[in-house]
Amino acid sequence: MKADPHISESTQQMVMDAESMEKAIRRMAHEIVERHDSLNKLVLAGIPTRGVEVARRLADHIEKIEGVRPYFGTLDISMHRDDLSTRGRVTALEVTRLPMDIDNRPLVLVDDVFFTGRTTRAALDALASFGRPSIIQLAVLVDRGHRELPIRPDYVGKNLPTSLEQKIRVRFENLDSVPDSVFVIKP
Amino acid sequence: MSSWKRKDLTGLDELDADEITFLLDTARAFKGVGKRSLKKVPALRGKTLVNFFVEPSTRTRTSFEIAAMRLSADVVNISATASSLQKGETLKDTALNLQALQADIIVLRHSSPGSSRFLAERLESSIINAGDGAHEHPTQGLLDIFTIREKFGRIEGLNVSIVGDILFSRVARSNIFGLLKLGAKVTLVGPSTLVPKSFEKLGVRVIHRIDDVLAEADVVNLLRIQHERQRKEYFPGLGEYVALFGLTKARAAKLKPSCLIMHPGPINRGIEIDSDVADGAQSVILEQVTNGIAVRMAVLYSCAGGAGVPS
């Protein structure tokens, strides 16, 4: 199976397939359920693009497990980043969709890959302009290491030690038209 | 995924449909910021924006000022009377001085068509055109199109009538360029002195009777009669203009219920538009003002970010 036709197979290695991704997300959903009493107040906030898909799947699993669907939203953090002028080009922003009032509600930020922690820091800044959740946690499908800030995830699908030169590519069948998969791309 | 690579916005004529759509989508994300309790994001923290207005304007300048503040930029306003232009300095020298003061973004309002492009080609700062003579007013065009798209969910195929003083109107030009690129059908309505047939070359329809467009229009955009620019001979008098082109209550009753009534402001109540119509349910005149902030945030954000690319 080719995950990305633009990259030769020799430079990429599959580290998660559809089944292992499904299991990892289901386990994370169980962990979230275990640590939260009031699931009807819980907010899952996905960070675009693929964090939103992970959050949607977590919400599906939590609903299956407990019969309660947590609020599922989107948090665009582009306008809260501190590196606008060094990125060179501007990419489209997603519309942030959160409940009207996030004060005193438990909130789990969801992203696909955890790397330096800078995205999470920007997300925390962004959240502060919406309100004051009772607790903010972080769930990621893959933790690839190389933190640059004192921030770490609470729920991890897979720990994947990588070198700085490597890239992680997460694909979802419904977004990318290739089977669910996580690849390590080698330089 | 679409992206933006320009440092300047000098007109909608030079953009393609994807770029216009990019700015409209970005504006939609920024509109949400205005609804938060904390209406400010740090995207332009540490950037300096100069509002350089060589022609008087309060609302456009204020809108840019609010947009810049919501993006955490520092804002300085320079008006014509305070400017060295009155002491004989050329526009280019004044602008070079602004750049030497390390302005990252210059928002320019000037009476000469092409003045924004002139500076954009010569300065490293981002130049945003806030109106250059009768040429273009791209952020006004964008906010009009944004307002229409928000209501209808699309631009393609809509019948948009622009009524009034087209000849002197940079707002009309920016609307025409943007709307046509996104697939709207544009009709210009007004006396032949203010809406010459030569506009048909742009790909629009020219009609001299407002009553001919009322039944079909999805949007009626009424432009202000610019008393200050006009000599009397363009039309016999304001009474005559109201009789022939004003959107009176009787005329408004012939519009489709879904038709939007727009005006870039400031409105002349009782001239382009009847007072009750301006305050009526179909009027989106004040929404245009609110949307202007989001659109200008999108333009400032995109041009400041696009400035990292050597063109």
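None of the figures in this text is laboratory data; all of them are computed from the coordinates on show. Computed from a predicted structure; not experimentally measured. Using ideal geometry, Cβ is built from the backbone for each residue, glycine included, and neighbour counts are taken over all protein chains shown.
A Förster distance of 22 Å, applied to the separation of the beta-carbon atoms of residue B:156 and residue B:202, puts the FRET efficiency at 0.80. Our coupling estimate for the range B:293-302, obtained by passing each phi through the Karplus curve with A = 6.51, B = -1.76, C = 1.60 and θ = phi - 60°, is 5, 4, 5, 6, 4, 4, 5, 5, 4, 5 Hz, Gly and Pro reported as x. In the frame of its principal axes, the range B:58-175 has Cα extents of 47, 35, 26 Å, reported largest first. Once backbone amide H atoms are built at 1.01 Å from N, residue B:283 has B:261 as its partners under 5 Å, excluding neighbours fewer than 5 places away on the same chain.
Could you give the size of the charge dipole of the range B:138-289 about its Cα centre, using +1 on the Cβ of each K and R and -1 on the Cβ of each D and E, expressed in debye and rounded to the nearest 20?
That gives the range B:138-289 a dipole magnitude of about 380 debye.
Taking the centroid of alpha carbons for each part, the range B:27-43 and the range A:86-152 are 16 Å apart. Building the convex hull from the alpha-carbon atoms of chain A and averaging its projection over directions returns 11.0 nm². Two decimals is fine: what is log10 I(q)/I(0) at q = 0.28 Å⁻¹ for the range B:237-311, from a Debye sum with one equal scatterer on every Cα and no solvent? So the normalised log intensities work out to -1.26.
Coupling constants for the range B:178-190 follow from the phi torsions by the Karplus curve (6.51 cos²θ - 1.76 cosθ + 1.60, θ = phi - 60°), and in residue order they are x, 5, 5, 5, 8, x, 7, 9, 10, 10, 9, 10, x Hz; glycine and proline get x. Here the Gaussian network model covers chain B, with springs between Cα atoms less than 10 Å apart; of B:153, B:178, B:34, B:153 fluctuates the most. Projecting the Cα positions of A:149, A:67, A:159 onto the charge dipole of chain A (unit charges on Cβ atoms of Lys, Arg, Asp and Glu, taken about the Cα centre) puts A:149 furthest along the positive direction.
What translational diffusion coefficient, in µm²/s and rounded to a whole number, does the Stokes-Einstein relation yield for chain B at 4 °C and a viscosity of 1.567 mPa s, taking the hydrodynamic radius as the Kirkwood radius over Cα pairs? Once the numbers are plugged in, D ends up at 65 µm²/s. Lysine pair count for chain A with Cα-Cα distance under 30 Å and sequence separation of 8 or more or different chains is 15.
Relative to its residue count, the range B:138-289 spans a Cα convex hull of 98 Å³ per residue.
When the Cα atoms of the protein assembly as shown are aligned to their principal axes, the ranges along those axes come out at 78, 53, 46 Å in descending order.
For the range B:50-178, a crude dipole built from +1 on the beta carbon of Lys and Arg and -1 on the beta carbon of Asp and Glu, taken about the Cα centre, is about 220 debye to the nearest 20. Let me know the number of lysine pairs in the range B:138-289 closer than 21 Å at the Cα, not counting same-chain pairs under 8 apart. Eligible lysine pairs with Cα atoms under 21 Å apart amount to 11. At 222 nm, what helix-only mean residue ellipticity would chain A give, in deg cm²/dmol to the nearest 500, using -39500 (n - 2.57) for each DSSP H run of four or more? Counting only the DSSP helices, I get -8500 deg cm²/dmol. Taking amide H as placed 1.01 Å from N in the peptide plane, residue A:16 has its amide H under 5 Å from the amide H of A:182, each at least 5 places away in sequence or on another chain.
Between residue A:158 and residues 5 or more places away or on another chain, which pairs have amide H atoms under 5 Å apart, with H built 1.01 Å from N, and which residues are they? Distant-sequence amide H within range of residue A:158: A:142, A:143.
Listed by chain and number, the lysines whose alpha-carbon sits under 22 Å from that of residue B:39, ignoring those within fewer than 8 places in the same chain, are B:31, B:47.
Potential lengthening of the chain between residue B:14 and residue B:121 amounts to 37.1 nm, from the contour at 0.36 nm per residue minus the alpha-carbon distance. Rounded to the nearest 20, the size of the Cβ-charge dipole of the protein assembly as shown about its Cα centre is 460 debye, with Lys and Arg at +1 and Asp and Glu at -1.
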